[in-house]
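Remarks on the structure that follows.
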Amino acid sequence: MSYVRPEEVLSPRSHVGGVIEVIHDPGENQMSVARILWKDEEGTNEVIATRWNGNSEQPLGNPISHGHATWFVIDGYVAESVEQAARNAAQASPNGLVSKYREMAADEEREREAEEWSEGLIGDGNA
């Protein structure tokens, strides 16, 4: 991967208390959306934040500050809309969770191996 993954973006350090959930990470040259902990004079709150992932030429993406990838916090009045749009995009994405589950379920050999493995665990418990 040629960009800083959103779960690794913890700047500005004085404000970001952690990444709670990456809602949508469509990859290089795309916008990621996450729920992060944001610390300010009012305390620590969960907020929706975005960033452009970047690419091999600009791996830090945007925004950046002092050589570190940072988040752009979305104002409360549009945060719910941005979050819902990101969740919808993630669900529809070929790299999304639903798509990957469908892909795994369609892989009969993998399903057979998983069943054999789980049956072996059950057998180990009876020994």
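The values are calculated or read from the model by the stated rules, or taken from the named source; none is laboratory data. Note that the coordinates shown come from a computational prediction; the quantities given were computed from them, not determined experimentally. With ideal geometry, Cβ positions are generated from the backbone for all residues, glycine too; neighbour counts draw on all protein chains shown. Keep in mind that these areas ignore ligands, DNA and RNA; they rest on the heavy atoms of the full protein, side chains included. Shrake-Rupley method; radii C 1.70, N 1.55, O 1.52, S 1.80 Å.
For this structure, a couple of remarks:
- Using a Förster distance of 30 Å, the FRET efficiency for S65-E28 (Cβ separation, nearest 0.05): 0.90
- Separation in nanometres of the label points that stand 7 Å from Cα toward Cβ, at I20 and N45: 1.2
- Extension gain, L10 back to R110 (0.36 nm per residue minus Cα-Cα distance, nm): 32.3 nm
- Relative contact order of the chain, pairs being alpha-carbon contacts under 8 Å that are 6 or more residues apart, as %: 20
- Label positions at F72 and R102, each projected 7 Å from the Cα along the C-beta direction, are separated by 3.1 nm.
- In the context of the full set of protein chains, the chain has a per residue accessible area of 67 Å² (1.4 Å probe).
- Annotation: extensible slack from Q58 through S81 equals 5.5 nm (criterion: 0.36 nm per residue apart, minus Cα-Cα distance).
- In the stretch 1-66, Cα pairs under 8 Å separated by at least six residues give a relative contact order of 32 percent.
- Kyte-Doolittle mean at least -0.5, axial Cα span of 24 Å or more - DSSP H helices of the chain: 76-92
- Fraction of accessible area attributable to carbon and sulfur, the stretch 1-100 (%, probe 1.4 Å): 50
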